[in-house]
Amino acid sequence: RVWQFACREEHIPEVGDHIVYDIANLSFVVMRVAPNQIKAYYNACLHRGRRLKDHGGRCSEMKCAYHGFTWELDGRFKRAPSTDWDLDHLDPAKFSLPEASVGTWAGFVMINPDPNAEPLEKFLGDAIPHYARWDLGNRYVEVHVSKIIEANWKIACENFLECYHC
């Protein structure tokens, strides 16, 4: 229930570009849905819960690989294979993909699963003027490295907290 960095805007430059952002037991599809709009959807089909996307890329619609339920990029329900004979109870107007809050600042795309989250700008508060001199909007990610280690996260972090490793 906190704002967290999902990607940079340059990671999803075109409409339909998306990344998959996983944190703990949650997964989100962070997608550019219009030239100036980014949304984050829970990465689960509303029909049977299968992940909608397994990895980042570009698409023209969100289609579940299990039964073919499909949504528009803006999250509105588009179609299902058997709505004419099997899913008459499905109300397309109430079958849009659930969203997480999205905010952008200096090229960073941040998401927050809390539907009642304060706006990103308020959350960042004094950090915005503090970082202004670094022009973070004109920076980019050169490389991203992640590694799963078999250790308590506190011990792994503690290893890099003394000045020797700075």
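Describe numerically, in nm with one decimal, the distance between label points set 7 Å from Cα along Cα→Cβ at residue 60 and at residue 121.
3.7 nm
Any chance you could check the Cα centroid distance between the stretch 101-148 and the stretch 25-63 for me, in angstrom?
Measuring centre to centre over Cα atoms gives 20 Å.
Quick check: at a probe of 1.4 Å, how many percent of the accessible area of the chain sits on carbon and sulfur atoms?
That fraction is 52 percent.
Candidates (1) 133; (2) 158; (3) 120; which is the computed volume of the Cα convex hull per residue in Å³?
Matching entry in (1) 133; (2) 158; (3) 120: (2).
Over the chain, calculate the relative contact order: mean separation of alpha carbon pairs under 8 Å at least 6 apart, over the residue count, as a percent.
20 percent
Could you work out the mean projected area of the convex hull around the alpha carbons of the stretch 112-161, in square nanometres to one decimal?
6.2 nm²
Taking the chain as a Gaussian network, Cα atoms linked when under 10 Å apart, which of 28, 108, 123 shows the biggest mean-square fluctuation?
123
Counting trypsin sites (Lys or Arg not before Pro) as exposed when in a DSSP loop with at most 14 other beta carbons within 10 Å, what is the longest stretch of the chain free of them?
77-138
Given the DSSP H assignment, sum -39500 (n - 2.57) over each helix run of at least 4 residues in the chain and divide by its residue total; what's the result at 222 nm in deg cm²/dmol, nearest 500?
Only helices count here, giving -2000 deg cm²/dmol.
So with the 1.4 Å probe, I'd like the accessible area per residue for the chain, rounded to whole Å².
Heavy-atom SASA per residue in the chain reads 68 Å².
Using a 1.4 angstrom probe on the protein heavy atoms only, could you order 19, 148 from most to least accessible area?
I get 148, 19, largest accessible area first.
Set the bar at 27 Å for Cα to Cα. Now go through 39/122; 122/147; 94/122; 78/147; 39/78; 122/154 and name every pair that lies beyond it.
From the list (39/122; 122/147; 94/122; 78/147; 39/78; 122/154), the Cα-Cα distance tops 27 Å for 122/147; 94/122; 78/147; 122/154.
The values are calculated or read from the model by the stated rules, or taken from the named source; none is laboratory data. Please read these numbers as outputs of a predicted model, since none were measured by experiment. Because the Cβ atoms are built from the backbone with ideal geometry, glycine has one as well, and the counts that use them run over all protein chains shown. For accessibility, only protein heavy atoms count, side chains too; no ligands or nucleic acids. Shrake-Rupley method; radii C 1.70, N 1.55, O 1.52, S 1.80 Å.
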